[in-house]
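Undergrad: One structure coming up, written as structure tokens, with questions to follow.
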Amino acid sequence: MSKSLPFVTATLTAIPRVRRLVDHCDHLVTQNEQLLAAVELLTDEREAAEARAGQLASALRRLPAMDAESATDLDYLFIVTYGRSGSTLLMGLLDAIPGYCIRGENGGVLYKLFEYHSTAAKFCAKWTTDNPLPPQHPWYGIDDYPDDLATLRMRQLVVDTLLRPEPGTRVTGFKEIRWWMQEPFEYIDFIESLFPKARFVLNTRNLDDVAKSSWWHKEPNARGDLAKIEDRLKAAVGLRGDRGYHVHYDDYIKDPAVLRELFEWLDEKYDADRIASILAIRHST
């Protein structure tokens, strides 16, 4: 037997293993190329995210963020009304007062905070006993819901993100037309708990005119629905005592001097020329 035969046999036997190793090596090379491409993509995404974070941080630094103590030093004023009542004009009249920063509508987002807070508080009360809930309990932790801390943080959130009072602001708030809930009383109580010294201006208008507006005219029972909403809002704001005030659009459009009493209630100077200049500007759409 030739001496080379064992070598040839071993070589032939090793060829399939070599091929598998070569194939495996090719597979690893492909995987490595894919990983390098993924790393490059993630690097680009990270750099873009870092750039965006820098932009957001810069924007936040420009916001007039207020500490909790400063937030309670402000006075708060909220316009309570329904759509097409002339409330945008009223907002403009109030914003013309030096030191006032009354924002426009926000889609009723504050009511979402009310639902969040009232739900958490309800179940906290339900499950609070002499002994804390154990980790094995399905409602573990809800009995320790921090009502005071939640109120503080929600006030800060709304002031810093929705109200954003400008430098020199004394009175801030917003106007909202979304008060359709059946019982607005507890909701307004919640707003008062968030904003110490809060006051509420109810703005109404001739309901026949409102019902004919583009906002309401397609509703089959607009006049009746508006009357119910207005009655609820009158009752809710009326319960605020001297922290609630009612103005009627048709009255102050006909005779702006009727706003003198509103300004007296606000303890602000009534400036007839400034009022006239605001009334001369078209508001809303």
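The values are calculated or read from the model by the stated rules, or taken from the named source; none is laboratory data. Remember, predicted model here, so these are calculated numbers, not experimental data. In this analysis, Cβ positions are derived from the backbone assuming ideal geometry, glycine residues included, and neighbour counts consider all displayed protein chains. Side chains are part of the model used for accessible areas, which takes the heavy atoms of the whole protein and leaves out ligands, DNA and RNA. Shrake-Rupley method; radii C 1.70, N 1.55, O 1.52, S 1.80 Å.
Undergrad: Identify, by number, the condition in (1) open to solvent by 70 Å² or more (accessible area, probe 1.4 Å); (2) free of Cβ contacts under 8 Å to residues at least 24 places away in the same chain; (3) touching a strand residue (DSSP E or B) at 6+ places or on another chain (Cβ under 8 Å); (4) not hydroxyl-bearing (Ser, Thr, Tyr) that Lys197 doesn't meet.
TA: Here Lys197 meets the rest and fails (2).
Undergrad: Check whether at least one residue in the stretch 154-166 is surrounded by fewer than 15 Cβ atoms within 10 Å (Cβ to Cβ), of a type in the set (Val, Ile, Thr) and more than 25 Å from Tyr187 (Cα to Cα), and report yes or no.
TA: No, every residue in the stretch 154-166 fails to be surrounded by fewer than 15 Cβ atoms within 10 Å (Cβ to Cβ), of a type in the set (Val, Ile, Thr) and more than 25 Å from Tyr187 (Cα to Cα).
Undergrad: Now for a different question. Considering only residues of the stretch 64-89 that are modelled with pLDDT under 60 and open to solvent by less than 70 Å² (accessible area, probe 1.4 Å), which is nearest to Tyr187 (Cα to Cα)?
TA: Within the stretch 64-89, the match that is nearest to Tyr187 (Cα to Cα) is Ala68.
Undergrad: Considering only the stretch 245-285, state which residues are open to solvent by 60 Å² or more (accessible area, probe 1.4 Å), at pLDDT 95 or above and closer than 23 Å to Leu233 by Cβ.
TA: Selection gives His246, Asp251, Ile253, Lys254, Val258, Glu261, Glu264.
Undergrad: I'm trying to understand the selection: among the residues of the stretch 83-110, which are outside any helix (DSSP H, G or I) and over 20 Å from the mean Cα position of the chain (by Cα)?
TA: Arg84, Ser85, Gly86, Ala96, Ile97, Pro98, Gly99, Tyr100
Undergrad: Pairs under 6 Å by beta carbon, first residue under 16 Å from Gly92 (Cα atoms) and assigned to a helix (DSSP H, G or I) in the stretch 149-176, partner at pLDDT 95 or above and open to solvent by less than 10 Å² (accessible area, probe 1.4 Å), six or more apart or different chains?
TA: Within 6 Å, the pairs are Leu163/Thr172.
Undergrad: Still on this structure: Between a first residue in the stretch 110-139 that is on the phi < 0 side of the Ramachandran plot and a second residue that is among the basic types (Lys, Arg) and surrounded by 12 or more Cβ atoms within 10 Å (Cβ to Cβ), which pairs have beta carbons less than 8 Å apart while being 6 or more apart in sequence or on different chains?
TA: Tyr111/Arg178
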